Amino acid sequence: METRPVAALEAGELERFATMLRGELIRPADAGYDAARRLHNAMIDRHPGAIARCAGVGDVLAAVDFARRNRLCVAVRGGGHNVTGNAICDDGLVIDLSRMKGLRIDPAQRTARAEPGLTWGELNHDLQAFGLGATGGYISVTGVPGLTLGGGLGWLVRKYGLAMDNLLSADVVTADGRFLTASPTEHPDLFWGIRGAGANFGIATSFEFRVHPVGNVLAGPIIHPMTRGKDVLRLFRENVPRAPDDLTWGVIFFTGPETPEFPPALHGAQLITPAVCWAGPIGDGEAFLKPIREFGPPIADLVTVMPYSAAQRAADFLLPPGLRNYWKSNFLRDLDDKAIDVLVEHFARVPSPRTIMILDHNGGGAISRVGDAETAYGHRSWTYNLVVISAWRDPADDDRNIAWLRGLWSDLQPSLANVVYVNYAGESGPEAIMQAYPSGVRERLVALKNQYDPDNFFRMNHNIRPTA
C-alpha cells in the first residue's frame with residue numbers, strides 16, 4: 001500500500017479525527033510535539049505528521065480506521081525503547097499507547113491483565129504487593145508490548161520462560177479494524193504469530209499473563225576489574241552447565257558511571273561483573289553462588305536479598321535515556337577462548353564509557369522446555385546470547401563508536417551463530433529477518449501476514465513482507 005503524508009490531508013480532516021479521541025492528538029506546532037516524538041535512542045530524529053496519544057482501545061480503533069482510510073504510514077509506540085526507532089515514522093501517524101496503563105491482578109488465579117502503556121517496572125511494582133512477579137525485562141523502563149511480542153527475555157527467564165511463554169491471551173486490533181482476542185482457543189494462528197513477530201499483525205491493546213510467586217530474590221552484581229576479564233568469563237563458562245533453573249544470570253562489561261548510586265572508587269574504571277538473580281530458596285542460592293562470589297576476590301560484591309521488583313530496577317543505570325545508540329547482537333556458537341579474547345581485548349579500547357556488553361545465559365531451563373514450533377520465536381537451544389550496546393552523547397563521535405563495534409563484530413564472526421533475538425536486532429531489513437526467524441517459521445509468518453495484513457499496513461517493525 002502506497003502511503004501519503006499527513007500534510008496531504010484535506011483541510012479539517014485532522015481536526016475531525018481529534019474530536020473522535022478520548023486522548024489527545026499532537027501536531028508539529030504543538031508545544032509537546034518534540035517530547036512526544038523523542039525515543040530512547042537519540043540517533044532517531046523523525047518527524048511524524050501527527051501523534052495520536054490513545055487513552056483506550058476506542059482510540060486505537062479510531063486511529064487505525066483513520067490511517068487506513070487516508071493511506072497514512074503508521075508507527076505504533078509502546079515503551080519507545082527499540083533501538084531501530086520503529087515506534088516513530090516521518091510524515092505519518094504515530095499511534096502512541098504510552099498512556100494506556102490499566103492493570104488488573106488476580107492473586108488467586110495468579111494472572112495479570114496489562115494494557116500496553118505499562119513498563120515492566122510498573123507491572124512488577126504492583127505484582128510485588130501480592131508476592132508475585134512477571135517474567136520479562138532486564139531493565140524496568142522497557143515497555144511491556146514490544147518486549148513480549150518479540151519474545152521477552154528477563155530476570156526470570158530460566159525459571160519461568162519468556163514473557164510470551166506466559167502470555168495467556170492478547171486483544172489485537174488488526175489492519176482491517178477488527179478487534180480480536182488471540183489465545184490457544186481463539187484465533188490460535190494469530191496467537192502463534194504474535195508470540196515472536198507480533199508487531200507485524202496488529203496492535204495489542206491488552207495482555208493477559210500468567211504470573212508467579214516471587215517475593216524476595218538473591219540478586220545483584222559481583223564486580224571485578226577488567227584486568228581479570230578473561231578469568232571471569234572462564235568462571236562463567238565453567239558454571240553455566242551446572243546452573244539450576246532458579247538462576248538467571250549473565251556477564252556485563254561496563255565502565256563505572258560517575259553517579260552517586262555507584263561506589264565512588266569505581267567511577268571511570270573498566271569493569272566486568274557477573275549479574276545474578278536467584279529466584280529460589282535463598283539458602284540454596286547462597287550455597288550455589290558462594291564460590292562465584294568468592295572468586296578473585298571481587299572488588300565489590302553487591303549481591304543481596306531484595307524484592308524482585310527492586311532487582312528488576314538494579315541495572316537501569318546502565319541504559320539511561322537520551323544517548324545515541326548503535327547495537328549488534330547474536331547468539332554464540334560457543335564461548336571458546338578465542339571469543340573470550342576478542343571480547344575482552346576490544347572492550348579495553350572502547351571509545352565511549354557509556355558502551356556496555358551483555359552476555360546472557362539463555363540456554364536450558366524453562367525457555368528450552370517450549371518446542372521451537374509452538375511459537376514464532378524459534379531460537380531456544382542456544383546457550384549464550386550477546387548484545388553490544390554502543391552508546392555515546394555527542395554526534396561528532398558517531399563514526400568512531402560505530403567503527404569500533406563493527407570492528408569487534410568482524411573479529412567475532414567465527415564465534416557467531418548468525419542467529420539473533422529480534423528484540424536485540426540493531427537494524428531492520430531482510431538480513432535481520434533471516435537471522436531472527438528460522439526457515440519454516442519465516443514461511444509460516446508470511447502466510448499469516450498475507451491473511452491478516454496483506455497490504456503491509458503495519459510495516460514499521462522488523463517487517464515480515466506479504467507476498468500480495
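The values are calculated or read from the model by the stated rules, or taken from the named source; none is laboratory data. Everything numeric in this text was worked out from a predicted model, so none of it was measured. Cβ coordinates were reconstructed from backbone atoms using ideal geometry, including for glycine residues, and neighbour counts include every protein chain displayed. Side chains included, ligands, DNA and RNA excluded: accessible areas come from the protein's heavy atoms. Shrake-Rupley method; radii C 1.70, N 1.55, O 1.52, S 1.80 Å.
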Task: Scattering profile of the range 116-192 at q = 0.11, 0.20, 0.27 Å⁻¹ [log10 I(q)/I(0), Debye over alpha-carbon scatterers] - done: -0.31, -0.90, -1.25
Task: Extension gain from D336 to Q451, taking 0.36 nm per residue of separation minus the Cα-Cα distance - done: 37.0 nm
Task: Accessible surface of the range 392-433 [probe 1.4 Å, protein heavy atoms]: carbon and sulfur percent - done: 48 percent
- [ ] Find the accessible area per residue for the range 288-350; the probe is 1.4 Å, ligands and nucleic acids are left out, and the unit is Å².
- [x] 43 Å²
Task: Nearby aspartates and glutamates by direct alpha-carbon distance to K338 (threshold 17 angstrom, same-chain neighbours under 8 apart not counted) - done: D231, E238, D411
- [ ] Multiply the residue gap between E186 and R465 by 0.36 nm, knock off their C-alpha separation, and tell me the result in nm, one decimal place.
- [x] 98.0 nm
Task: Over the range 309-420 - Rg/Rh using Cα atoms and the Kirkwood inverse-distance radius - done: 1.01
Task: Carbon plus sulfur fraction of accessible area for the range 59-144, probe 1.4 Å, in percent - done: 46 percent
Task: Farthest positive-ward along the chain dipole, Cα basis, beta-carbon charges - from H212, L233, A315 - done: H212
- [ ] Whenever you get a sec, compute what percent of the accessible area on the range 283-328 sits on carbon and sulfur atoms (1.4 Å probe).
- [x] 60 percent
Task: Selection of trypsin sites (Lys or Arg not before Pro), the range 123-217, meeting DSSP coil and at most 13 other Cβ within 10 Å - done: R178
TODO: Would you mind pulling out the separation of the Cα centroids of the range 22-64 and the range 372-421, in Å?
DONE: 30 Å
TODO: State, as an integer percentage, the relative contact order of the chain based on alpha-carbon contacts under 8 Å between residues 6 or more apart.
DONE: 16 percent
Task: Whether the chain is rounded, prolate or oblate, judged on the alpha carbon gyration tensor where a/c under 1.5 counts as rounded - done: prolate
Open item on the list: Over the Cα atoms of the range 236-327, each weighted equally, I'd like the Debye log10 I(q)/I(0) at q = 0.15, 0.23, 0.25 Å⁻¹, rounded to two decimals.
Closed with: -0.69, -1.40, -1.52
TODO: For A348 and R99, compute 0.36 nm times the residue count separating them, minus their Cα-Cα distance, and round to one decimal in nm.
DONE: 85.5 nm
- [ ] Kindly identify the range 371-465 as rounded, prolate or oblate by the Cα gyration tensor criterion: order the square roots of the eigenvalues as a ≥ b ≥ c, call it rounded if a/c is under 1.5, otherwise compare a/b with b/c, prolate if a/b is larger, else oblate.
- [x] oblate
Open item on the list: Which one, P107, G131, L149, is farthest towards the positive end of the dipole of the range 99-186 when Lys and Arg carry +1 and Asp and Glu -1 on their Cβ?
Closed with: G131
Open item on the list: Can you give me the accessible area per residue for the range 64-219, using a 1.4 Å probe, in Å²?
Closed with: 29 Å²
Task: Cβ-placed point charges (K, R +1; D, E -1), dipole of the chain about Cα centre in debye, nearest 20 - done: 200 debye
TODO: Go ahead and estimate [θ] at 222 nm for the chain from helices alone: -39,500 (n - 2.57) per DSSP H run with n ≥ 4, summed, over the residue count, rounded to 500.
DONE: -8000 deg cm²/dmol
Task: Kirkwood-based Rg to Rh ratio, the range 52-162, C-alpha trace - done: 1.03
TODO: Would you work out if the range 28-86 is rounded, prolate or oblate? Take a ≥ b ≥ c from the square roots of the eigenvalues of the alpha-carbon gyration tensor; rounded if a/c is under 1.5, else prolate when a/b is larger than b/c, oblate otherwise.
DONE: prolate
Open item on the list: With an 8 Å Cα cut-off and a minimum separation of 6 or more residues, compute the relative contact order for the range 397-468 in percent.
Closed with: 26 percent
- [ ] Would you mind calculating the relative contact order of the range 114-207 from Cα pairs under 8 angstrom and at least 6 residues apart, reporting the percent as a whole number?
- [x] 27 percent
TODO: Please list the non-local residues whose amide H lies under 5 Å from the amide H of K328, H modeled 1.01 Å from N, same-chain partners needing a gap of 5 or more.
DONE: V388, S390
Open item on the list: Tell me the net charge near A163. Cut-off is 11 Å between Cβ atoms, A163 excluded, with +1 for each Lys or Arg and -1 for each Asp or Glu.
Closed with: +1
Task: Environment charge at D106 (Cβ cut-off 14 Å; Lys +1, Arg +1, Asp -1, Glu -1) - done: +2
Open item on the list: Test of understanding: given the chain, find the longest segment containing no GluC sites (Glu not before Pro) that are in a DSSP loop and have at most 13 other Cβ atoms within 10 Å.
Closed with: 11-185
